[in-house]
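> Quick one: the structure is below, questions incoming.
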Amino acid sequence: MAAGDGASEQAQMAADRVARLKRQLQQAERDERAWIAGAAGEALVGEKLKTLNPSDWLVLHDVHWPGRPKANLDHVLVGPGGVLVIDAKNWTGRIEVREGVLFQEGRTRIRETIGVLEQVAALTVLLDPKHRQRVHGWLCMVRQPDMQAISSSGVRIQGLSTLTDAINALPNVLEPAEVQAIHAYLKQLLTGAASPSLLTSAQLGKAWTGNAKAKTNPRAGFQLSAPSRQFQAKQQTTSHSGQRSRPASSRARRPSKPQLGCLGVAGVLIFLLVFSSMLMNLGTSFTQQLTHLPPHPAPATTQPFQSP
């Protein structure tokens, strides 16, 4: 290496770190601005919703997203027109919907419309089946006050100025008693200390995968519950030595063939000797009986018939 090469290499590494840290700082600043703008947009939507008739529409702000502990729902409304999930967006630039697709400055915002549908789905499963069709997802564009559109996925996109008019124009689908009951139920679930947990399809897929692995590999798959682990420990622990015994295999559970010991062999030999002596005695007795039999009488001869 030439003089100064080592120091130059260290200087280049330091410059790379500085550039990386600058990029991270710029991203953090953009995130900060986005969160500040989002909070301001939610506050403006919240102020707008205060103009609704409180005897008709009951509102929940900034509540838990069921199944996602680190996410929230901006606004949940319960009223005669149903249950509304409103996601506030304080976006800048040109916002438009073309052929059912939401765009911001020429870039698609399909991810945001899908997010609203996911919020609706998470809230829907908490309700009684007869109320599940009454849940709707809306996007409120704070800086596009007069916007009115519907995406191809059914998400309504409404400007801030016309938001309450659009809500009041919804047809009545819930009775006042139902409104009170649903609002009280959702308030209890969504404003607690923890977000209500849900079994999503992703978790269900993992469960099926674990079950399939458990069938092919007994060591893989689900973990045993505490009572099952205790039962397994008792089965594997011996009564005296305290050592764990291996689970018996299917071959070991089969009935073992009887094995003869020394006494068994001696018994078999004695039986064979006794049986052979009995056969010899029977043979001798039969021979003696044959020798004492009387001789057979001579056969009688017949004379030929003579006529007188």
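> Multiply the residue gap between Ile36 and Arg107 by 0.36 nm, knock off their C-alpha separation, and tell me the result in nm, one decimal place.
Answer, rounded to one decimal: 23.4 nm.
> Please report, in cubic angstrom per residue, the volume enclosed by the convex hull of the alpha-carbon atoms of the stretch 8-72.
74
> Something else now. Fewest first, what order do Ile95, Ile167, Ile150 take by the number of other Cβ atoms within 10 Å?
Final ranking by Cβ density, sparse to dense: Ile150, Ile95, Ile167.
> For Val173, what residues show an amide H to amide H distance below 5 Å, using hydrogens built from the backbone and excluding near sequence neighbours?
Gly81, Gly82
> Give the long-range amide H neighbours of Arg109: residues separated by 5 or more places, or on another chain, with amide H under 5 Å away, using H modelled in the peptide plane at 1.01 Å from N.
For Arg109, the qualifying residues are Leu102, Phe103, Gln104.
> Report ³J(HN,Hα) in whole Hz for each residue of the stretch 184-193, in order, from the Karplus equation J = 6.51 cos²θ - 1.76 cosθ + 1.60 where θ = phi - 60°; Gly and Pro get x.
These are the phi-based 3J(HN,Hα) values: 5, 5, 5, 4, 5, 7, 8, 10, x, 6 Hz.
> What three numbers, in Å, describe the spread of the alpha carbons of the stretch 3-43 along their principal axes, ordered from the longest?
Cα spread of the stretch 3-43 along its principal axes, largest to smallest: 62, 6, 5 Å.
> Can you compute the modelled spin-label distance between Ala19 and Leu272, with each label point 7 Å from Cα toward Cβ, in nm?
The answer from the label model is 9.6 nm.
> Just how far, in whole angstrom, is the stretch 133-191 from the stretch 52-111 if you go by their alpha carbon centroids?
Rounded to whole Å, the Cα centres lie 8 Å apart.
> D for the stretch 29-190, whole µm²/s, Stokes-Einstein with Kirkwood Rh over alpha-carbon pairs at 10 °C and 1.306 mPa s: what number?
Diffusion coefficient, whole number: 99 µm²/s.
> Please report the antiparallel percentage of DSSP beta bridges with both residues in the stretch 29-190, rounded to the nearest 5.
Restricted to the stretch 29-190, the bridges split so that about 65 percent are antiparallel.
Rule-based calculations on the coordinates, nothing more; no lab input. Here the structure is a predicted model, which means the values were calculated and not measured. Every residue, glycine as well, gets a Cβ built from its backbone with ideal geometry; the counts of neighbours run over all protein chains shown.
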